[in-house]
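The block underneath contains the structure these notes are about, expressed in structure tokens.
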Amino acid sequence: MKIAAIRTVIVNAQMRNWIFVKVETDQPGLHGWGEASLEWKTRAVAGAVEDLAPMLIGEDPTRIEHLYQKMYRQSFWRVGVIGLSAISGIEQALWDILGKSLNQPVYKLLGGRVRDRVRMYTHLGGGDMKSVYEAQGEDVQCMVDLALEVVSRGYTAVKVLLTPPTESLSTNAEYRHAEVRMAGLRDALGPDIDIMVDCHGRHFPANAIEFCRVLAPFKPYFIEEPVPPENVDAMVEVRRASPVPIATGERRVTRFEFREIFEKQACHVIQPDLCHCGGISEAKKIAAMAETYYMGVAPHNPLGPVANAAALHFALSTPNFLIQEDMLSDVPWRWDVVKHDLKTENGYWLPCDKPGLGVEVDEEAAQKHPFQQEVLHATTVRARDNAILDW
């Protein structure tokens, strides 16, 4: 069996473009799907897949570790998140092929199940981030209503944004803004629903530490990316002073970039993204490193349905897994572009025993949603300092 072709299928899902990667073999009907979605870098990632394809054509697709090393090392120059996203999508597709060729689900090839179901969380609005940002500027009840809607769908955990969209907290009024909203959420949801708070790396260490102290009475499950990802020592400062758990890692790729986080014990929970960090195998290596430092794993994943499938197999087979992010309500036609047997129940994903990853892209349906350039929602633009930051 040899790799015959590698190509991408791009689907615009409003907030982002999903980049599905198809690896075809010379065996009739045998191919694999992966996902390499990366916001605002769609054309670059698709081009990176094209650049990697000549290295792999004619190779045995079941030699996954060998092919990963070839993609990562052979071109001499190390790649960043764009190249690693391309590698991740291809690597996932190779696992899909291996599972199909052996008639086994991928999680069994990763060592088998260590749990019977996978706990999930989603964002306020279920992925409609425009509604989240709009709710931030309104009264507490707007956020509470969004959270209650999520819980009504069976979720036992929800993620919120309490930081102004384009700046770090810097005044007592802004701390109070976050405190009041967190208090309202905890009061409405009760003590048994976990609440994660995402900062998107917008704080300086002193602001982040105070933010954690303000929110501590409301028992957040973790505070995510309280400072930008480039400076690990800044994260260490926050982690040591914070009275609540700290999570980070969505903007780091490969185990080599995670090494410093582990050695300095800069967080309590790591969040590799299987579509960016290097794929399923690399995420397993990162998780194994985290286990030696007694860190939990809560993978980042606000992406498409193929990414959901890959994350499910990772979670089922990873002992220090905690909880998995999803965005299942980002577009109403999300599941129209794939064929799958994935199932959820009361906020949990259930095992899927279909060979491979268990999901097939419907290319005809995907064509109905062609690539479009991502746009920033107007609510993410703040007049003060004319600042426009991540969303």
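The values are calculated or read from the model by the stated rules, or taken from the named source; none is laboratory data. Small disclaimer: the values here were computed from a predicted structure and weren't measured. Every residue, glycine among them, receives a Cβ derived from its backbone with ideal geometry; neighbour counts consider all protein chains shown.
You will find that of Lys2, Lys70, Lys41, the residue that is under 25 Å from Lys284 (Cβ atoms) and in contact with a Ser or Thr (Cβ under 8 Å, 6 or more places away or on another chain) is Lys41 and no other.
As a summary of the residue check, Glu345 satisfies the conditions (1) surrounded by fewer than 17 Cβ atoms within 10 Å (Cβ to Cβ); (2) modelled with pLDDT under 95; (3) under 14 Å from Gln14 (Cβ atoms); (4) out of contact with any Ser or Thr (no Cβ under 9 Å at 6 or more places or on another chain) except for the one numbered (3). The requirement of being out of contact with any strand residue (DSSP E or B) (no Cβ under 8 Å at 6 or more places or on another chain), surrounded by fewer than 17 Cβ atoms within 10 Å (Cβ to Cβ) and modelled with pLDDT of 90 or more is not satisfied by Ser101. If you go through the range 199-222 and keep only what is in contact with a Lys or Arg (Cβ under 8 Å, 6 or more places away or on another chain) and either modelled with pLDDT of 95 or more or surrounded by fewer than 18 Cβ atoms within 10 Å (Cβ to Cβ) (or both), you end up with Phe218, Lys219. Got at least one residue in the range 150-160 being among the charged types (D, E, K, R), surrounded by fewer than 22 Cβ atoms within 10 Å (Cβ to Cβ), part of a loop (DSSP other than H, G, I, E, B) and modelled with pLDDT under 65? Checked the range 150-160: no residue is among the charged types (D, E, K, R), surrounded by fewer than 22 Cβ atoms within 10 Å (Cβ to Cβ), part of a loop (DSSP other than H, G, I, E, B) and modelled with pLDDT under 65. Is at least one residue of the range 223-237 touching a residue at least 60 places away in the same chain (Cβ under 8 Å), crowded, with 19+ Cβ neighbours inside 10 Å and out of contact with any helix residue (DSSP H, G or I) (no Cβ under 9 Å at 6 or more places or on another chain)? Checking the range 223-237: at least one residue is touching a residue at least 60 places away in the same chain (Cβ under 8 Å), crowded, with 19+ Cβ neighbours inside 10 Å and out of contact with any helix residue (DSSP H, G or I) (no Cβ under 9 Å at 6 or more places or on another chain).
A search for C-beta distances below 8 Å between a residue of the range 312-326 that is touching a residue at least 40 places away in the same chain (Cβ under 8 Å) and farther than 18 Å from Leu357 by Cβ and any residue that is acidic (Asp, Glu) and not in a loop (DSSP other than H, G, I, E, B), counting only pairs 6+ apart in sequence or on different chains, returns Pro319/Glu291; Ile323/Asp194.
Of all the residues that make up the range 44-90, how many are free of Cβ contacts under 8 Å to residues at least 60 places away in the same chain, part of a helix (DSSP H, G or I) and not β-branched (Val, Ile, Thr)? Lay out the reasoning, then the answer.
Looking only at the range 44-90, we keep the residues that are free of Cβ contacts under 8 Å to residues at least 60 places away in the same chain, and these are 44-60, 63, 66-67, 69-71, 73-79, 82-83.
Cutting the leftovers down to part of a helix (DSSP H, G or I) gives us 44-56, 66-67, 69-71, 73, 82-83.
Of the ones still in play, those that are also not β-branched (Val, Ile, Thr) are 44, 46-48, 50-56, 66-67, 69-71, 73, 83.
Residues flagged as free of Cβ contacts under 8 Å to residues at least 60 places away in the same chain, part of a helix (DSSP H, G or I) and not β-branched (Val, Ile, Thr) within the range 44-90 amount to 18.
Total residues in the range 311-363 satisfying the condition of being in a loop (DSSP other than H, G, I, E, B), hydrophobic (A, V, I, L, M, F, W, C) and in contact with a strand residue (DSSP E or B) (Cβ under 8 Å, 6 or more places away or on another chain): the figure is 7.
Considering only residues that are under 15 Å from the mean Cα position of the chain (by Cα) and either buried (at least 22 other Cβ atoms within 10 Å of the Cβ) or not assigned by TED's automatic domain parsing to the domain that holds Ala86 (or both), look in the range 21-44 and name the one that is nearest to Val81 (Cα to Cα). Reasoning before the result, please.
To start, the set of residues in the range 21-44 that are under 15 Å from the mean Cα position of the chain (by Cα) comprises 34-39.
Of the ones still in play, those that are also either buried (at least 22 other Cβ atoms within 10 Å of the Cβ) or not assigned by TED's automatic domain parsing to the domain that holds Ala86 (or both) are 34-38.
On the way: Gly34: 16, Glu35: 14, Ala36: 10, Ser37: 11, Leu38: 9 Å.
In this case the residue turns out to be Leu38.
Of everything in the range 262-303 that is part of a loop (DSSP other than H, G, I, E, B), aliphatic (A, V, I, L, M) and under 15 Å from Val118 (Cβ atoms), the residue that is nearest to the chain's Cα centre (by Cα) is Leu274.
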